[in-house]
Amino acid sequence: MWIHPFLDGNGRVARLFTDAYLRSIPLKGYGLWNVSRGFARDRETYMNMLARADQARKGDLDGRGYLSEKTLIEFCEYFLNVCLDQITYMSSLLNLDGFLTRLDGYVQMRHVGLIPAPLKKYTSLKLEVSPMLRQVVLRGVVRQLTCPVGVN
């Protein structure tokens, strides 16, 4: 891929362009995971796959242009596998499926005093906090509720 006229630096420009593009489309979670981080985990494979994608075509059945369609397809598959690897990696780090369970456990431990409060004026949490914290995690926003007239 030659984006600008320098012998070195095209890979960086391509990664920046790819990162900008993936951020601009409605791709949920991009930014939490990053394809460039995946490429950096195995730089040698990344460089080899880039070099292979620039190979001349082999025979009349290997695409219609000068470069090999087969090696381009291999690079595209490699690229998508790196994306999947990064999504899987970040999902495992966050363990979102177990987060709500861990949140409930935190509230219970704070309630009984096994985890100290971050500020001295707060000693424990009430167990009733768990459903509210779950809503904050799941929805991101808790709207202020207004009480009907005459209700305290």
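Where a number appears in this text, it was derived from the coordinates with a stated rule and is not lab data. All figures in this text were calculated on a predicted structure; none of them were measured in a lab. FYI the Cβ positions are ideal-geometry reconstructions off the backbone, even for glycines, and counts take in every protein chain you see.
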Self-check item: residue 101-residue 40 pseudo-label distance in nm [points 7 Å out on the Cα-to-Cβ vector]
Solution: 3.2 nm
Exercise. Let me know the charge dipole size of segment 10-94 about its Cα centre in debye, to the nearest 20, where only the beta-carbon of Lys, Arg (+1) and Asp, Glu (-1) is charged.
Key: 260 debye
Quiz prompt | Residues of segment 92-118 with amide N under 20 Å of a point placed 7 Å along Cα→Cβ from residue 127 | solution = 100-117
Exercise. Return the lysines within reach of residue 58: Cα separation strictly under 25 angstrom, same-chain partners fewer than 8 residues apart disregarded; answer none if there are no such residues.
Key: 70
Exercise. Give, in nm to one decimal, the length gained when the segment between residue 109 and residue 25 is fully stretched (0.36 nm per residue of separation minus the Cα-Cα distance).
Key: 26.1 nm
